[in-house]
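The values are calculated or read from the model by the stated rules, or taken from the named source; none is laboratory data. Computed from a prediction, not measured in an experiment: that's the story for all the values here. Cβ placement follows ideal geometry from the backbone for every residue including glycine, while neighbour counts extend to all protein chains displayed.
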Amino acid sequence: MFVFWRLLLAHFMADFPLQTNKVYFLKTKYPWGSFLHSGIFIMVSVLLLWPLWGRPDFWFFLLFLFAAHGFQDLLKIIYNRQASRDTIWLFIFDQLGHVVFISTVLLLPISLVRYATGRDSWFYWYSQDKLIMCLVFLISIGFGGTILIPYVEKLMKHLPQVEIPPKYKYHGVLERMLIVVLISAPGYWYMFTPGVFLIRYFSRDNYSTASVVVSVLGAVAGGVLLRLLL
């Protein structure tokens, strides 16, 4: 799972924190924008999997992911030309599709690669799959929740289109990440979870009921799942 978890981390990094407003604009306006976004995903994958640079099958698989990710996003954008089609179900299906393409690496010999170092090495933490797994959950739930919440609000309020905030609400991202960390950590750290909601008080922002429910329940569910996996 060494390669799989790092590819998954690269995907969520490219799809959420690294998909800036400019990248999203280019992706929705020009066909090549989808492949620009896909290229960012591949570049992050290359950086995270540098021990595999000498394997030709690694580069062929990245080429496959570059095409698959780019074409999938392009087809989604074409389908979304009508705002009524841009639903939470399409968002979830799109993410599942990307994960399925990434999961095909488990059928290849490169999925058996394992990179390990001693504790005295600078790269010791890089070799820890559990750490990478934690980062996958933190980024997907922390940043991904900012995108998921508007889809839920559209569904519940019957809005004509999804209103994605122009910038990430970083206090919401921080809140979800802290909840995941506290619940997944060994011991009784989950008892401090209620204290996380002080972030909402100090942010002095307005929150809809849907955003609160989705943010909290999503982070709690993610923390419980991560705790079970670890």
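Some observations on this one:
- Residue check, F93 within 18 Å of V44 (Cα to Cα) and out of contact with any Phe, Trp or Tyr (no Cβ under 6 Å at 6 or more places or on another chain): no
- Flag: Q19 matches the condition of being polar (S, T, N, Q), closer than 26 Å to V173 by Cβ and not in a helix (DSSP H, G or I).
- Residue check, L26 at pLDDT below 90 and either part of a loop (DSSP other than H, G, I, E, B) or surrounded by 14 or more Cβ atoms within 10 Å (Cβ to Cβ) (or both): yes
- Odd one out for D15, checked against (1) acidic (D, E); (2) closer than 22 Å to L138 by Cβ; (3) free of Cβ contacts under 8 Å to residues at least 60 places away in the same chain: (3)
- Of all the residues in the stretch 37-83, those that are farther than 19 Å from V105 by Cβ and surrounded by fewer than 15 Cβ atoms within 10 Å (Cβ to Cβ) number 6.
- Taken together, P31, P51, P17 contain a single residue that is within 18 Å of L135 (Cα to Cα) and out of contact with any strand residue (DSSP E or B) (no Cβ under 7 Å at 6 or more places or on another chain), which is P17.
- L75 vs. criteria in the same structural domain as L225 (by TED's automatic domain parsing) and either in a helix (DSSP H, G or I) or modelled with pLDDT under 95 (or both): no
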